[in-house]
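Here the structure comes first, spelled out in C-alpha cells, and everything after it is commentary.
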Amino acid sequence: MAKPLMIALPKGRIQEESMALLEKIGWGCPEMFSGSRKLIFTRDDLQVSFMTVRATDVPTYVHHGAADIGICGKDTLEETRYDLCEPLDLGFGVCDVVVAEPAGFSERVPGYNGTVVATKFVNIAERFFAAKGVDVELIKLYGSIELAPLVGLSGRIVDIVETGETLRQNGLIIKEKIFTSSCRVVVNRTSMKTKFDRIQQLIEQLRAMIVSNAPTG
Ligand code: PRP
C-alpha cells in the first residue's frame, strides 16, 4: 500500500474553506470537525492524511517533508520564504498586507525613516523598507497588531487587512499596500517528484473545481 499523502492545513477559517473545497472533489474528512482533539486524520480509502497546524507552521512542515502538501496564505509564504513548489492559487483568504497608521499620523511624520513599526511580518517589513532605502525600528508582535500605535508602542504597523473593520474601529488608515495575499497550495519539492502522479491529480481536480466555481460574466 502506498504511503498516505500528508496534507498540512492551518487551523481556523482557512481550514474550513480548504476542507469545503476538498469535500467538493470527494476528499472531505468530516471527522476533522467532530470536536476531536486529534491532530492527524486519515482517509484510508483515499490514502490521504490531514494534519492541522498553526498557519505560520505550514511552510515549515512542508519544507522539511513532514507534510507533502500544505495550504497557507501567500503572506505566510512571503514571511517564511522556504523553497516550495507553489502550483495553485485557491483564490480565497484574500487580504492585503499593508502599512497602516493612526489617521493624521503622516501629517506629523511624513517619512518612514527613523520610525517604529510593529508587525508579525518582520521579514516582509524588513524587505519592504530596505527596498525603499529607509531605516525603521521593527517590533515583533504575535497578534492584535493594531493595538501598538494606540498605546504608543509604535508609530505604524505592517499587518493584513481583510474587511478593514479592525483598522476602522481603531482609528487607523492604510498608508501603503505592500501586496495582496491569498491562499496557495504548496508542495514539498521532493514529494513533487516522488509522488508526482497523485499530487498532480489532486492539483488538477482542485483547479477544475475552482474554475467551475468561479463567477461567470
Ligand atoms: C488579522 C489581522 C487584523 C485582522 C484584519 O488578525 O492581523 O488584526 O485580522 O481583519 P479585518 O480587516 O477583516 O478587520 P487575526 O484575526 O488573525 O488575529 P490576531 O490579531 O490575533 O493576529
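Structure above, values below:
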{"item": "Using alpha-carbon coordinates, inclination of helix 122-132 to the longest axis of the chain, degrees", "result": "50"}
{"item": "Segment 119-165 - Debye-derived log10 I(q)/I(0), Cα point model, q = 0.31, 0.33 Å⁻¹", "result": "-1.21, -1.27"}
{"item": "Residue of Arg37, Arg198, Arg189 that the Gaussian network model of the chain assigns the largest fluctuation, springs spanning Cα pairs under 10 Å", "result": "Arg37"}
{"item": "Within the chain: Cβ-based charge dipole about Cα centre, in debye rounded to nearest 20 (Lys, Arg +1; Asp, Glu -1)", "result": "340"}
{"item": "Where N is the number of residues in the chain, Cα Rg divided by 2.2 N^0.38 Å", "result": "1.15"}
{"item": "Using alpha-carbon coordinates, inclination of helix 13-24 to the longest axis of the chain, degrees", "result": "30"}
{"item": "Segment 18-92: C-alpha pair distances exceeding 21 Å, %", "result": "30"}
{"item": "Relative packing of peptides 42-54, 105-117 - highest average C-beta neighbours within 10 Å first", "result": "42-54, 105-117"}
{"item": "Pairs of lysine residues in the chain - Cα separation under 19 Å, sequence separation of 8 or more or cross-chain", "result": "12"}
{"item": "Fluctuation leader among Gly70, Gly91, Gly35 - the chain, Gaussian network, Cα springs under 10 angstrom", "result": "Gly35"}
{"item": "Prolate/oblate/rounded call for segment 95-180, Cα gyration tensor, a/c under 1.5 rounded", "result": "rounded"}
{"item": "Packing-based ranking, highest mean first, of 133-144, 8-19 given that Cβ atoms within 10 Å are counted", "result": "8-19, 133-144"}
{"item": "Loop GluC sites (Glu not before Pro), segment 139-183, which have at most 13 other Cβ atoms in a 10 Å radius of their Cβ (DSSP)", "result": "Glu162"}
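Read-outs: derived from the displayed coordinates by stated rules, not from any lab. Computed from a predicted structure; not experimentally measured. Positions of Cβ are backbone-derived with ideal geometry, glycine not excepted, and every protein chain shown enters the neighbour counts.
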